[in-house]
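This report concerns only the one structure given below.
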Amino acid sequence: MLTEQLIWYGIAEFFFSISPGPAVFLVISLALRQGFANGAAAALGIVGLNLFYFALSAAGVGALLVASPNLFFALKIIGAAYLAWVAAGILLSLWREWRTSSAATAEAAGAGNTAPTSRRDLLMSLMKGLAVQASNMKNIMLFLAIIPQFVVPEAGNVGLQFMGLAVVSVLVELPILLAYAVLAARLGQTMRSARVRQWLDALSAAVLLAIAGSILRSAK
């Protein structure tokens with residue numbers, strides 16, 4: 001019975017993970033603009049917070065959080081504000097670049113886009129993944145309200161069952177997010193001109209603002 005539950009959960013997790021949503025769009029946006037490493041860092045942040053949700057659900061905290069709309073609202077506002085702040089930073093950088101644009105400046109900017117990714121960039125991408133996942137109401141409801149439905153107390157140790165579900169979740173979702181990052185990064189590598197990079201930056205900012213707007217609309 002336990003194996004059957006894990007299989008059914010794995011199937012459900014596959015379709016949840018592969019369908020376009022805030023997490024997928026964030027990974028694609030970062031990988032397009034900054035390369036695979038940044039998309040992968042965001043994916044790790046997303047999956048890492050999922051494991052935290054599993055721990056909360058296993059500890060029985062999930063029911064309490066689901067019953068606390070104010071906490072959900074606060075998480076959404078914080079997550080949306082952070083994403084909007086990041087998008088504003090990208091747009092401000094583009095505006096300054098366009099104001100002082102010249103052939104030499106554009107070439108330098110294009111060359112800068114191929115520079116090695118710094119630890120700070122990776123940390124920022126990780127934080128973006130955490131912010132998106134923490135402010136996604138549907139995701140929170142999935143892990144804190146729906147996941148326990150796949151647990152069968154009669155099958156034995158409940159903690160081990162949650163651990164098994166967490167392992168299945170990581171094994172299913174992480175490869176899917178990394179695959180999206182690989183595809184987006186390869187697409188980004190074919191477009192290395194400064195002008196194309198600027199458009200990718202603008203697209204990245206638009207995606208982040210759209211995610212933030214979606215989060216705020218669902219918070220009403």
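The values are calculated or read from the model by the stated rules, or taken from the named source; none is laboratory data. Values in this document were obtained by computation on a predicted structure and should not be read as measured data. All Cβ positions, even for glycine, are placed from backbone atoms using ideal geometry, and neighbour counts span all protein chains on display.
Scanning the stretch 3-23 for residues that are buried (at least 16 other Cβ atoms within 10 Å of the Cβ) and over 23 Å from residue 133 (Cβ atoms) returns a single hit, 5.
The number of residues in the stretch 90-126 that are touching a Gly at 6+ places or on another chain (Cβ under 8 Å) and modelled with pLDDT of 75 or more comes to 2.
Can you pull out the residues in the stretch 69-81 that are modelled with pLDDT of 70 or more and crowded, with 19+ Cβ neighbours inside 10 Å? Hit for the stretch 69-81 is 80, nothing else.
In the set (1) under 19 Å from residue 90 (Cβ atoms); (2) free of Cβ contacts under 8 Å to residues at least 40 places away in the same chain, the condition left unmet by residue 15 is number (1).
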